[in-house]
Amino acid sequence: KQSESTLVFFLSDNGGPTQSGAINTPLRGAKGTVYEGGIRVPFVISWPGKIPNGTRYDMPVISLDIFATALAVAGTAIPTDKVYDGVNLIPYLKGEKKDPPHQQLFWRHGAGQNHAVREGNWKMVRAKNKPAELYDLGNDITESKDLANEKPEVAKRMNAALDAWDRELKAPVFLGSSVKNEDWGPGGANQK
């Protein structure tokens with residue numbers, strides 16, 4: 001009965017690297033981007049006897065939720081030494097909480113040059129030296145129709161939220177690798 005007392009998380013750390021043959025279709029982007037192809041991944045939680053089998057949860061969650069969920073299951077409070085972004089997902093998966101676990105989700109990538117924020121079905125993508133892009137993921141999972149000019153009030157609100165979040169962050173510590181991207185692909189130096 002070990003499985004009944006074991007909470008298992010299974011997820012990918014980011015979208016597939018297309019330069020190595022991954023196909024993220026219909027999602028735009030790939031590993032290393034803040035488009036859906038770079039951040040939308042499988043996320044499975046298993047806890048037999050605690051989470052109903054076959055439960056499908058369609059609200060956006062993030063890997064940062066693992067910490068809060070694991071602490072709650074262990075009966076430990078989240079530390080108060082700093083602000084933690086994750087939430088305990090168990091009440092949502094059991095149907096005890098009906099509201100979304102996050103009002104907004106944020107991403108930063110590429111040495112802090114690329115950002116995204118998601119709020120419901122709205123998603124804003126910002127890349128350095130490019131205009132902000134706004135997408136309605138409920139109608140455009142491919143992120144192909146930029147609505148920033150058509151929905152200026154939404155774009156303004158999401159830009160402000162992204163700016164406020166970014167001001168809270170420290171400068172990126174991991175700025176990337178000096179190793180060429182192709183070295184990470186099949187047969188590359190980092191695969192040996």
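Before anything else, pin down the relative contact order of the chain: Cα pairs under 8 Å, at least 6 apart, normalised by residue count, whole percent. Worked out over the chain, it gives 16 percent.
For the chain, with every protein chain kept in place, what is the accessible area per residue (1.4 Å probe, Å²)?
Details: 12240 Å² over 192 residues.
Ligands and nucleic acids excluded, the result is 64 Å² per residue.
Per-residue ellipticity at 222 nm from helix content only, as computed over the chain with -39500 (n - 2.57) for each DSSP H run of at least four residues, stands at -5000 deg cm²/dmol.
Between Ala155, Ala72, Ala116, the residue with the greatest mean-square fluctuation in the GNM of the chain (Cα pairs under 10 Å linked by springs) is Ala72. Using a cutoff of 8 angstrom between alpha carbon atoms and counting only pairs six or more residues apart, the relative contact order for segment 89-171 works out to 19 percent.
What whole-number volume per residue, in cubic angstrom, does the convex hull of the C-alpha atoms of segment 1-82 give? Intermediate results must be reported in sequence, preceding the final value.
Numbers: hull volume 11.9 nm³, N = 82.
It is 145 Å³ per residue.
Using alpha carbon centroids, what distance separates segment 88-120 and segment 34-55, in Å? Rounded to whole Å, the Cα centres lie 13 Å apart. Shape annotation for the chain: C-alpha extents along the principal axes are 53, 49, 36 Å, from largest to smallest. A quarter of the convex hull surface defined by the alpha-carbon atoms of segment 74-147 gives 7.5 nm² as the mean projection.
The values are calculated or read from the model by the stated rules, or taken from the named source; none is laboratory data. Remember, predicted model here, so these are calculated numbers, not experimental data. Protein only, heavy atoms only, side chains kept; ligands, DNA and RNA dropped before computing areas. Shrake-Rupley method; radii C 1.70, N 1.55, O 1.52, S 1.80 Å.
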